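One structure is given below, encoded as structure tokens.
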Amino acid sequence: PRAETNAAFLRAFVGQAGLDRLVVHGWSMGGLVSAYFADLMPDRVVGLVLTAPTLPWQRTSQWQALGWHTFGRAMLAVGTPLARTCLRVAGPRLLRAKARAASDLRGLPRSRRNLMGGDLSRLSPELQSVLLEDGLTIAAHPERLPGVATALASAMSAMFVDQCVVQRTLDRIQVPVLLLWGDDDPLVDQASLHQHALRPGWHAHVVPSAGHLLPVEEPDDYVDAVGT
């Protein structure tokens, strides 16, 4: 019933916007959302671009799988409400700090930069301004921050706990898929992405020395890859 409701909502929204043939782009957690979107609207989506997406990771042992299905599931169930509460209390301060960091990405300590990988010094002043504007927009609505905990928990569940559900969704996608990531991105498992790229109709494009901020760190390479 939830899938049918979501599909009906999306069809109404896309219909009102007058969109018939869509190439959907998803970045990071948006990659998983885009995959679900394509699964719900196979008659409208003609292509997918997934950039450093949160897709199921490979498991190296049965013990890891068992750990995620037991302790991991429990931690997500307990930790998500706790994280929402913490973000509700400390959200405004965190958002202000994030906005200050976005105002000078080049000035971040090296340890902070390495969280996203790549080389943020390559970002143009114009793109830094865009990121700052985004940060200020988010800071103006701190009430939305607890939703970040819910979104992150959903992504973790998709990658490690409920992998079968996501895998079935990906198996149903019949349109061409371009899968992009940077080889210096510490937030993705590159071996897993290479495995996903073996799906029929999927194509991989790896950008050397780029991190998780691939579209803004290497915009020319990103545009060239998407346009070909």
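The values are calculated or read from the model by the stated rules, or taken from the named source; none is laboratory data. A quick note: this is a predicted structure, and the numbers were derived from the prediction, not measured. Positions of Cβ are generated from backbone atoms using ideal geometry, with glycine treated the same way; all protein chains shown enter the neighbour counts. Accessible surface areas use protein heavy atoms only, side chains included; no ligands, DNA or RNA. Shrake-Rupley method; radii C 1.70, N 1.55, O 1.52, S 1.80 Å.
Points to keep in mind about this one:
- Sequence-ordered 3J(HN,Hα) estimates for the stretch 167-175 from the Karplus curve with 6.51, -1.76 and 1.60 and θ = phi - 60° stand at 4, 5, 4, 5, 5, 7, 6, 10, 9 Hz, glycine and proline given as x.
- Residue (of Cys164, Val177, Pro146) at the positive-pole extreme of the stretch 117-188, dipole from beta-carbon charges: Cys164
- Point-to-point label distance, Leu152-Thr137, nm (Cα→Cβ direction, 7 Å offset): 2.2
- FRET efficiency, 1/(1 + (r/R0)^6) with R0 22 Å, evaluated for Ala77 and Leu198 via beta carbons: 0.10
- Whole-Hz Karplus values for the stretch 10-24 come out as 5, 4, 5, 5, 5, x, 5, 7, x, 9, 10, 10, 10, 10, 9 Hz, taken residue by residue from phi with 6.51 cos²θ - 1.76 cosθ + 1.60 and θ = phi - 60°; glycine and proline positions read x.
- 3J(HN,Hα) along the stretch 140-145: 6, 10, x, 5, 7, 4 Hz, from the Karplus curve 6.51 cos²θ - 1.76 cosθ + 1.60 with θ = phi - 60°, whole Hz, x for Gly and Pro.
- Distant-in-sequence amide H partners of Trp27 (H built 1.01 Å from N, under 5 Å): Thr51
- Estimated at the nearest 10 Å², the accessible area of Trp27 is 90 Å² with a 1.4 Å probe.
- Applying 1/(1 + (r/R0)^6) with r as the Cβ-Cβ distance of Ser61 and Arg93 and R0 = 45 angstrom yields a FRET efficiency of 0.65.
- Extending 7 Å from Cα along the Cβ direction at Thr85 and again at Gln190 yields two label points whose distance is 4.1 nm.
- Global form of the stretch 36-85, assessed from the alpha-carbon gyration tensor, a/c cut-off 1.5: oblate
- Sorting 16-23, 170-177, 210-217, 73-80 by average packing, meaning the other beta carbons within 10 Å per residue, from highest down gives 210-217, 170-177, 73-80, 16-23.
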